[in-house]
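Since the structure comes first, as structure tokens, the remarks are kept for the end.
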Amino acid sequence: MFLHEFVYELKRVLRQKEELFWVLLFPMILGTMFHFAFSNLSNSTEIFHTIPVAVCAEEKKENQAFFQVLDALSQTKDTPFLSVTRTDWETAKQLLKDNSVRGIFFAEENVTLTCASLDSSDVNSTLAIEQSILEAFLKEFLSNNTVFTKIVSQNPEKMNDILSLMDNRNIYGKQLTLTESNLDNVVQYYFNLIAMACLFTSFPALQIALKNQANLSALGARKSISPNSKAISVAAQLLSCILSQFFCLTVNVLYLIYILKVDFQTSLFMILFTCFIGCIMGVSFGYFIGAIGQLSEGTKMGILICTSMLCCFLSGLMINTMRSLVKSICPFINVINPTVRISDSFLTLSIYGINERYFQNLFALLLISVIFISAGCLMIRRKTYASL
Amino acid sequence: MQVFKAFLKTARKSMPHNLMYFFIFSGIALALSFSSKNPEDPIFQSVELDIGIIDQDHSTASKALSQYLNTMHQLSLMTYDKEAILDQLFFRNLDYILILPEGFETRLLLGEETLFETVQIPGVYSSAFVDEQINAYLNTLKLYLTADYSLNDAINQTADTLSQTSNHVRVLELDDKKSSSMNGIYYYYQYLPYVIMSIILCGLTPILTTFWEPNLSKRISCSSTSALSRNLQLAFGSIVYCFGIWLLFILTSCIFYGSELFTENGLLCIGNSFFLLPVGVGVSLIISSFAPPSNRINMYNNIITLGMSFLCGIFVPQQLLGEQVLSVSKFLPFYWYIKNNNLISGFSGETFQMETYQKNIGIQALFIAAIFAVALVISKYKSERHST
Amino acid sequence: MKKTVIKIENLVKRYKDLIAIDHFNLQIEEGDILGLLGPNGSGKTTTINCILSLLSFDKGSIEVFGQTMRPDSYDLKRQIGIVMQNVAVFESLNVYENIDYFCGLYITDKKLRKQYVEDAIAFVELDSFRKFYPKKLSGGLLRRLNIACGIAHKPKLIILDEPTVAVDPQSRNKILEGIVELNRQGATIIYTSHYMEEVEQICTRIAIMDCGKNIAIGTADELKKMIKNSEKISIEMTPVSEADKKNILTLPHVYDVSYDHGQLLVQCSAGRHNLVHILGYLQQHELSFGRVYSELPTLNDVFLEMTGKELRD
């Protein structure tokens, strides 16, 4: 009996084009959109490039010290700090306008930096950061000069110490590596995307509830009078649904990883395992909604779509800062939002590997599933109805 | 006017449903617009970052360094917690984590090389910038220390020196950009296409679909109402419906932004947004002429709205989209809408010119004409197929 | 002595203020084709749902094969086949799969099941449509599929709830023939309908329901004997005088005479030669007449006389 129900549920689910669309095609399409929309994002705003600058000074009036520093900084090996163009003022201004250089150093006795004006919207753009870096660099050079003159005038005997210290420009910081992850936050869109797909597995599960409940459909009545235990029948269908939906999710994940080259920074196995748990959660959610009272199928579907989209939105599918915002306003929502739980599982895996927090997430997801399924079963268990 | 009346009746029935959409979506648009940052002064300003400081030394020197950074950045004190640190970095709530370990001051005085630790987002600009600033500070401090200043004196001198060297940056005004103080409105209008399109497609398509349902459509064709009159009535109904929705959104923005809306820029925004309506109606007509079942309507809606929104720069600013993406999105009407919105707000760095604004509106109008032409062709084709 | 298949005693079912079934009694013997006849809303489907223990009821008892029916009486359920009023098949399964699925809920032996499914397909003559999905089937074919799904497991008791609603005449005849055939193979059948011709055509016993009550039960002939009317004679003729009417009324067995729309209508309660007597009277008094019809009473007349209203509304 179990097998019979299982096989037929599989057939049914895999033939429902509309429902397959949501779990199979929609995430792929959205993922492709993400791919195109974000392909430029991490490159253009964050990864460090060499900063092009122009230097001008009249012949013989050059500030030797400054030029020395520039030389040193533009000749480092891998990613030099600066690439310097020596030119005259007018050309330099033109270069600045064309955005071919980010700043102009006017390096005679007084060294100044000229930058292009920025708009309010550019405050955190690459250009703004580059300008700030140039400014910080200039500031350091100038303050060194001030200190040097000051000290030499007060303590001439320390001059050599100072000079050697200044030549030997020290790096005092040590960068800690707390994770193997590159902390690329674009990937969280894809985390949320998969979480969304997990929630969408609730759509076919809704049908299971409807088609087994005598007061919801003729099919339900038909099945209620067959000589079989409802528990076994429903369990077979749910399992079948979970497996078929998991298959769709797997296709999606493979598409993201191998076609769109999204780097999840954790093993495929762990991603799929998490998806599987998410899938159980989604299916139980759909089953629960389907079992609730005598609302029409359309209304129940509406509830599913709205709740899923709301969960996804709050978890940051559309705007990635949403989750932090929710966390600061009402952290409890994040605790119970299944999308956050799924997407946070992926995040945990990618940054920390398998740890306590990962298990907490899994546990929360399973707990939600158990609650939904048992509540659904309570409502749908074999009974006689007061009215059909 | 029978068809029109029937249209209104159908529309009234779906009113609660649509109102729900309206509240959700206007909530989203407002949330987005209020979460956006406030405009800043256009004069040169070093980039302000969010830095987390973990001070385990609690010494004069460590406090001095924190204080120095505090003059330029947003600091938040935190304790060492690996997951909290990485989470904050991943979600970009903090850009940089500085750890001042126990013994920081002692090691500084001893002249040791590695003094502090950092956790950064790998390969990101902003961290290089903070590195640079901290190094500059420590270098200067060490110069003073080498010159036998006491720690307190050295700290004071350093602060002095660094604050004196700040007036060496000039800003070159490249052109007269329109800068503004009403960012909220622009964000509201930036997300409006997504919201309006969603509502129109979710609300209008099902209504129109009922009229295209084969049996009903045949019955109306058999009646004495001519096809032209029927189509005109439907069109009129759709226009009334969409206009109502649009007015609701304009009113909402009016309530939240008040008089700011009635400046030249605000009116330009409103004018621009008006052209979203025919786009929505046209697309809705096309979808409905295929008379899809209700669950498929949802499917098409989501693909079209989310797809257009991502490709045309509603969720991700147009400036950050890749060249190839933009070359595709030029063939979508929202692209030109956003271009206009950027033009008015100055987000894209373009100078506002009335001709450009009008040109973009013109292109939108062409798209609208094209969409309606397609809708007409399809409906013609469909009705011919019915009649054979 | 025939075995009793279903015994319903004093069944009462209320929906809030509405009494749907009002002290309903019914006994069905093995081998019967019982027609449950009644207008829409008379409680036929409610009765069936109570028999199947889908609905809870307020009073009374229902026994199926001598046992009380409960939601988990799996042994009883295995012997029952039901064809619902609404088509209950899966849109995403084709004809063969639908039948196989429902049959599989009863029959676990695969070989036997395959045989049964083939039998069912042959029975409803859907052989050339076995790969079709329900969406592609016409109304009549869909009804036949619905029937096949209900009877594929060869149950001993088959309940058909208005299986011929909205079915074309050709399909309807096939369905009716099929029901008789099933009965011949040994199944007891409950057949509900509001088409009295169908019921009269195939049922061995008929129960008439109205407002949740069992008004009468018996064979078609028995039912007809219960009422006064046994022959209805109508004669096309010019208006008749009151005197003539009175005279006709004095003829043997005639109990009602009326004239309406150019027709003289005479109701007779018994006897074989009523027509001869009446025509004789007319000739005798030189009253000219056109066409003459003589009708035996129908179930509609039975219903009309028992409830004072037409079966068809």
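FYI, it's all coordinate maths here, none of it is from the lab. Values in this document were obtained by computation on a predicted structure and should not be read as measured data. For neighbour counting, all protein chains shown are included, and Cβ atoms are generated from backbone atoms with ideal geometry for every residue, glycine included.
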**OP:** For residue B:359, list the aspartates and glutamates whose Cα falls under 20 Å from its own Cα; do not include residues on the same chain fewer than 8 positions away.
**Re:** B:264, B:350
Subject >> Most to least packed among C:85-96, C:139-150 [average Cβ atoms within 10 Å] >> reply: C:139-150, C:85-96
Original post:
For the residues A:35, C:153, what sequence is obtained by ranking on other C-beta atoms within 10 Å, fewest first?
Top reply: A:35, C:153
Original post:
Using θ = phi - 60° and the Karplus curve 6.51 cos²θ - 1.76 cosθ + 1.60, what whole-Hz ³J(HN,Hα) does each residue of the range B:12-22 get, with Gly and Pro shown as x?
Top reply: 5, 5, 8, 4, x, 4, 5, 4, 4, 4, 4
Subject >> Percentage of interatomic Cα-Cα distances in the range A:157-208 larger than 14 Å >> reply: 76
Subject >> Partners for residue B:5 among aspartates and glutamates (Cα-Cα distance below 18 Å; same-chain residues under 8 apart left out) >> reply: B:213
Original post:
Based on DSSP H runs of at least 4 residues, each adding -39500 (n - 2.57), what is the mean residue ellipticity at 222 nm of the protein assembly as shown after dividing by all its residues, to the nearest 500 deg cm²/dmol?
Top reply: -18000 deg cm²/dmol
Original post:
How big is D, in µm² s⁻¹, for the range B:44-169 by Stokes-Einstein at 20 °C and 1.002 mPa s if Rh is the Kirkwood radius over C-alpha pairs?
Top reply: 141
Original post:
Say each of residue A:153 and residue B:112 gets a label point 7 Å from the Cα, pointing the same way as Cα to Cβ; how far apart are those two points in nm?
Top reply: 3.6
Original post:
Between residue B:23 and residue B:79, what FRET efficiency comes out of the Förster formula 1/(1 + (r/R0)^6) with R0 = 45 Å and r the beta carbon distance, rounded to 0.05?
Top reply: 0.65
Original post:
Roughly what percent of Cα-Cα pairs across the range C:231-296 reach past 21 Å?
Top reply: 9
Original post:
What is the mean number of Cβ atoms from other protein chains located within 10 Å of the Cβ atom of each residue in peptide B:310-321, rounded to a whole number?
Top reply: 5
Original post:
So what does log10 I(q)/I(0) come out to for the range A:50-166 at q = 0.18, 0.21 Å⁻¹, using the Debye formula with one equal point on every Cα and no solvent?
Top reply: -0.97, -1.20
Original post:
What stretch of chain A, leaving out the sites themselves, is the longest with no GluC sites (Glu not before Pro) in a DSSP loop having at most 16 other Cβ atoms within 10 Å?
Top reply: A:181-388
Subject >> Hz values of 3J(HN,Hα) by residue in the range B:212-227 - Karplus curve (6.51, -1.76, 1.60), Gly and Pro given as x >> reply: 9, 4, x, 5, 5, 4, 5, 4, 5, 4, 6, 6, 7, 6, 6, 4
Subject >> Distance between the range A:354-388 and the range A:285-342 - C-alpha centres, whole angstrom >> reply: 16
**OP:** Can you bin chain C into rounded, prolate or oblate? Criterion: square roots of the alpha carbon gyration tensor eigenvalues sorted a ≥ b ≥ c, rounded for a/c under 1.5, prolate for a/b above b/c, oblate for the rest.
**Re:** prolate
**OP:** With both partners inside the range B:44-169, how many of the DSSP beta bridges are antiparallel, as a percent to the nearest 5?
**Re:** 30
Original post:
If contacts are Cα pairs under 8 angstrom and at least 6 residues apart, what is the relative contact order of the range C:226-287 in percent?
Top reply: 38
Original post:
About its Cα centre, how strong a charge dipole does the range C:1-130 have in debye, to the nearest 20, once Lys and Arg get +1 and Asp and Glu get -1 at the Cβ?
Top reply: 300
**OP:** For chain B, count the residues as N, evaluate 2.2 N^0.38 Å, and divide the Cα radius of gyration by that value, please.
**Re:** 1.39
Original post:
Taking every residue in B:234-242, how many Cβ atoms of other protein chains lie within 10 Å of its Cβ, on average?
Top reply: 0
Subject >> chain A: DSSP helices with Cα axial extent of at least 24 Å and average Kyte-Doolittle hydropathy no lower than -1.0 >> reply: A:126-154, A:230-254, A:268-291, A:297-315, A:356-380
Original post:
Around residue A:103, which amide H atoms from residues at least 5 apart in sequence, or from another chain, sit under 5 Å from its own amide H, with H modelled in the peptide plane?
Top reply: A:54
Subject >> Order of B:264, C:9 under a 10 Å beta carbon neighbour criterion, fewest first >> reply: B:264, C:9
Original post:
If one takes the longest principal axis of the Cα atoms in chain C, at what angle in degrees, from 0 to 90 and to the nearest 10, does the Cα axis of helix C:274-284 lie?
Top reply: 30
Original post:
From the cross-link list A:223/C:3; B:380/C:136; A:327/B:330; C:13/C:110, which pairs have alpha carbons spaced over 30 Å apart?
Top reply: A:327/B:330; C:13/C:110
**OP:** Output the relative contact order of chain C, whole-number percent, from Cα pairs under 8 angstrom with separation of 6+ residues.
**Re:** 19
Original post:
What percent antiparallel are the DSSP beta bridges of the protein assembly as shown, to the nearest 5?
Top reply: 50
Subject >> the range B:234-268 and the range B:79-145: distance between their alpha carbon centers, rounded to Å >> reply: 50
Subject >> C-alpha long axis of helix B:60-70 to longest principal axis of chain B, angle in ° >> reply: 30
Subject >> Rounded to whole Å, sorted largest first: equivalent-ellipsoid semi-axes of the protein assembly as shown, Cα gyration tensor >> reply: 85, 34, 21
Original post:
Where both residues lie in chain C, what percent of DSSP beta bridges are antiparallel, nearest 5?
Top reply: 65
**OP:** Just need the Rg to Rh number for the range A:325-378, please, alpha carbons only, Kirkwood Rh.
**Re:** 1.05
Original post:
Dividing the alpha-carbon radius of gyration of the range B:249-331 by 2.2 N^0.38 Å (N being the number of residues), what value is obtained?
Top reply: 1.37
**OP:** Would you tell me the mean number of C-beta atoms belonging to other protein chains that fall within 10 Å of each C-beta in B:82-91, as a whole number?
**Re:** 6
**OP:** Could you pull out every one of the aspartates and glutamates with an alpha carbon less than 17 Å from that of residue C:246, ignoring same-chain neighbours closer than 8 positions?
**Re:** C:256, C:260, C:286
Original post:
Does anyone have the angle between helix C:95-104 and the longest principal axis of chain C? Alpha-carbon axes, 0 to 90°, nearest 10?
Top reply: 70
Original post:
What is the local net charge at residue A:340, summed over the other residues whose Cβ is closer than 10 Å to its Cβ (Lys, Arg +1; Asp, Glu -1)?
Top reply: +2
